[in-house]
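Q: A single structure is presented below for examination.
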Amino acid sequence: MSENSETQTRDGSHPRAPHWFDFNRLNETPNAWTFEVLEWDDDPDADGVDDRGEAEVVRDDHRFVITTWLQPRDRTHDRYWGVAYETINQDGDPEPLAFHISKTQAIARNNLGHARDVLDSGDTEPHVLVRDHNDGPRETFEYPSEHMAEKAADLQIELKIGSDDRDYLATVHSKAEWEDQLELEQSLKEAGRDV
């Protein structure tokens, strides 16, 4: 494979990567964000409908992960787009958590663009999305802004409504409020032991 064709494959402008072409246009105007296609399925001889891809949009410590895939239906399919922000989970590890999923590329791009604008504005306050499972673990994910945490919580609620096997409550708190809550829980736990 020539260097030029490899570059085309990586940046998604190759004719057999049409589902990435419009997303790549976010770099048409100069900005500090970089877009790179990490993976896309370009095998025209593959059996069935198996077309998916993954890309990242990065600036400084902020990373978005965009995925696209085909969902088979009777005699046709739907294309889906997902936009995730790489959060920090309760173990301190980076973990992409989606804040938008839809069948429309334009709406997915708008959600990504708005999230980028929020970060670019610099007026951000860390917020925590909490997934509290009934009789199970509590998961937390830190976002750099309230907007993204609330969008992610809304999506978690939609996914729960659409699937009976998801059993959790999703809430959003400022990081300061959440740290106060954890401190209170720890104090009550210690007091309970002393009594």
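All of the numbers you see were taken from the coordinates with simple rules; none came from a lab. Since this is a predicted model, take the numbers as computed values, not measurements. Here Cβ is always computed from backbone atoms with ideal geometry, including for glycine, and neighbour counts include all displayed protein chains.
Q: Normalised by the number of residues in the range 124-194, what is the relative contact order in percent for Cα pairs under 8 Å and 6+ residues apart?
A: Taking the mean separation of contacting Cα pairs over the length of the range 124-194, I get 36 percent.
Q: Also: Mind scanning LYS151/LYS175; LYS103/LYS151; LYS103/LYS175 and naming the pairs with a C-alpha gap bigger than 24 Å?
A: Too far apart for the 24 Å limit: LYS103/LYS175.
Q: A further question follows. I'd like the FRET efficiency for ARG63 and SER121, computed as 1/(1 + (r/R0)^6) with the beta carbon distance as r and R0 of 30 Å, rounded to 0.05.
A: After rounding to 0.05, the efficiency reads 0.95.
Q: For the range 32-120, just list the percent of Cα-Cα distances falling in each 10 Å bin from zero outward, please.
A: 16, 44, 29, 11, 1
Q: Given N residues in the range 124-194, what is Rg(Cα) / (2.2 N^0.38 Å)?
A: 1.25
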